[in-house]
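Report on the following structure.
The values are calculated or read from the model by the stated rules, or taken from the named source; none is laboratory data. Since the structure is predicted, the reported quantities are computational estimates derived from the model, not experimental observations. Neighbour counts run over all protein chains shown; Cβ positions are idealised from the backbone, glycine included. Only protein heavy atoms, including side chains, enter the accessible area calculation; ligands, DNA and RNA are left aside. Shrake-Rupley method; radii C 1.70, N 1.55, O 1.52, S 1.80 Å.
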Amino acid sequence: MAKIPKAISGHRKILLIRLVVNGLVQAIVSIIYAQLVKHLFDQLIDVSYSTTSSMLAGLGTGLGLSALIVIWLRMIERVDTERMGQSYARDVRIAMYDCLSSITYRDLQKRSQGGVVLRFVGDITALRQWVSLGLARLAIAVTTTLTALLALAWVNTMLAIALFLALSCSTLITLRLGQPLQDRAKHSRRRLSQLAGNINEKVSAMRVVQVCGQVRRERRRLIQQSVRLEEAKVHWAKVVGQLRGSAQATTTLSIAVALFVGAIEVSAQRASAGTVVAAMSIVSFLSPSLRDLGRVQEYWYNSRVALSKLEEFLLIPALTQAVSAEETVDSNPSHLVFDQVKVDGSLNHISGSIDQGQKVAIVGPNGAGKSTLLALAARLFDPDQGSIYLDGKNLVEYPLNSLRRSIGMVSPELPLLRGTIRRNLLYRCPKASPEEIEAVWKLCGIDKIRSELPDGLNTRIAERGQGLSTGQRQRIALARALLGNPPLLLLDEADANLDIQSAKFLDKVLNSYSGTVIIVTHRPERLLTVDVIWYLDNGHLLSVTTPEDIKNTGGIVADTLLN
């Protein structure tokens, strides 16, 4: 099972150390700045002390240089925090993709596409913000604050103690206010997931909404979901506003405490006016860190909610991978066997074998389990019971990459991808030789498609090949499946809804293809061109016959398809 990578690991440890050192240097520079301010202020208000222009210029130069150094350090800090967060987001994204690519076909179908997209976008963003804007800045804030307070304690102990107590009280108040934040974050994320899932569905199925006359109804549903999301976000914003207000109040309180205690210390002649001004400059320096601390809990709770959702996603069952990567599928596999294969709700103990080079048609009524059988052969998921063998070895013993290279598949569940037609054609085997590409494209009639489109094969298409005719989509999908010369070709309803011209190209492919073909079809004329016919009904394999048997003796297949 895949796991979420650790936030602080690898080179991110080095970045965190750099950030801590950066915060330490910032604090030291701020202390030097405060000392220069103290010295300058005390000299200016001390009438008995003679201040020269060169001395003022030197102090001013020191102050300016200190400010420039702090600006440069904070720029480096911002770059390192962002690099740290983006590095973590990249690692999490890769782990999520690895999980997504190994999830079984059935389990992925149960997931809302909008919810899956939210995992990759919203949840990973929440983790990135915690690392770059929460964890990293927390480390810097703690480093700079403690260093500055220690330095202030060396100058004036009472001022340091007063500021420490003010900061401690504000921190306790902030922690108290942050308790409801996680519940608010969970509620907001749930509402957002519902809205994202609905919008994703409507984008892909708007024609259904329009044809069924449900535009107004879906609009009302969208309004309701938007209102619920708005309310959840407003409640969340109230808590966040309290946290940020508390952080701002911390700065104000620290300034007031520094002035009040400083005035007492000056009147008691335990500190100079310059010391109070220096303390004020340190508070001013700490202000950005204090504001950051006010948002740390916000990022923390958001990241906890996101992390729980990501971990839940990673728990989705995945296809088991072969232990050894050395075992590969033979370039010309000869025997495919289904042994008591059972899929709950779809197939019931199917057993049968297919020899190398055979063309097998799988027929039967809708819902009989035909597409499920092809998905099992491609190992898009594994059966609940039973096994599938290729050349005597269970499919689970082969590395998935090797197995998938040996299988070409066309199915309504394998749509064309967004991008150019050329990208789709070469997607399965981008390194195929020019000779093979030309042969496959000619066989599938791609040249005619190229001539029909304004930009030829560079024409861009939307998701699922929208903008192309059904015949064009099927021919491109067929060419994609054939490239690389896979020895096993799985065709799920590849001849459905084809015009006469596109159907002829499919006939040419089947007549010239030398490998094994398993085709799910509802066309009676297709049955006369195959070697074996499997008839499925209600998840059971009821008959295995040949076209000659059908013509000579009839039977259940002839009764349902040929009459």
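Tabulated values for the structure
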{"item": "Of all residues in the stretch 186-202 being open to solvent by less than 60 Å² (accessible area, probe 1.4 Å) and either at pLDDT below 75 or among the basic types (Lys, Arg) (or both), the one that is nearest to GLU218 (Cα to Cα)", "result": "LYS202"}
{"item": "Where VAL544 falls short, out of the listed (1) at pLDDT 85 or above; (2) surrounded by 21 or more Cβ atoms within 10 Å (Cβ to Cβ); (3) among the aliphatic types (A, V, I, L, M)", "result": "(2)"}
{"item": "Pairs with Cβ under 9 Å, 6+ apart, first in the stretch 1-28 and farther than 11 Å from ALA139 by Cβ, second surrounded by fewer than 12 Cβ atoms within 10 Å (Cβ to Cβ) and not hydroxyl-bearing (Ser, Thr, Tyr)", "result": "MET1/LEU315; ARG12/LYS6"}
{"item": "Selection count where residues are more than 17 Å from GLU413 (Cα to Cα), part of a helix (DSSP H, G or I) and open to solvent by 10 Å² or more (accessible area, probe 1.4 Å), scope the stretch 457-476", "result": "1"}
{"item": "Residue match in the stretch 479-488 (condition: basic (Lys, Arg), over 18 Å from CYS429 (Cβ atoms) and out of contact with any Ser or Thr (no Cβ under 9 Å at 6 or more places or on another chain))", "result": "no"}
{"item": "Selection within the stretch 77-101 - surrounded by 15 or more Cβ atoms within 10 Å (Cβ to Cβ) and either touching an Asp or Glu at 6+ places or on another chain (Cβ under 7 Å) or of a type in the set (A, V, I, L, M) (or both)", "result": "MET84, ALA89, VAL92, ALA95, MET96, LEU100"}
{"item": "Number of positions in the stretch 235-271 that are assigned to a helix (DSSP H, G or I) and open to solvent by 70 Å² or more (accessible area, probe 1.4 Å)", "result": "11"}
{"item": "Failed item in (1) in contact with a Phe, Trp or Tyr (Cβ under 8 Å, 6 or more places away or on another chain); (2) open to solvent by 20 Å² or more (accessible area, probe 1.4 Å); (3) not polar (S, T, N, Q), with GLY274 passing the rest", "result": "(2)"}
{"item": "Breaking point among (1) over 34 Å from the mean Cα position of the chain (by Cα); (2) in contact (Cβ under 8 Å) with a residue 12 or more places away in the chain; (3) open to solvent by 40 Å² or more (accessible area, probe 1.4 Å), for PHE505", "result": "(3)"}
{"item": "Qualifying residue in the stretch 395-411 (condition: over 31 Å from the mean Cα position of the chain (by Cα) and closer than 22 Å to ALA378 by Cβ)", "result": "no"}
{"item": "Residue list for the stretch 371-391, restricted to those being open to solvent by 30 Å² or more (accessible area, probe 1.4 Å) and out of contact with any strand residue (DSSP E or B) (no Cβ under 7 Å at 6 or more places or on another chain)", "result": "LEU380, ASP382"}
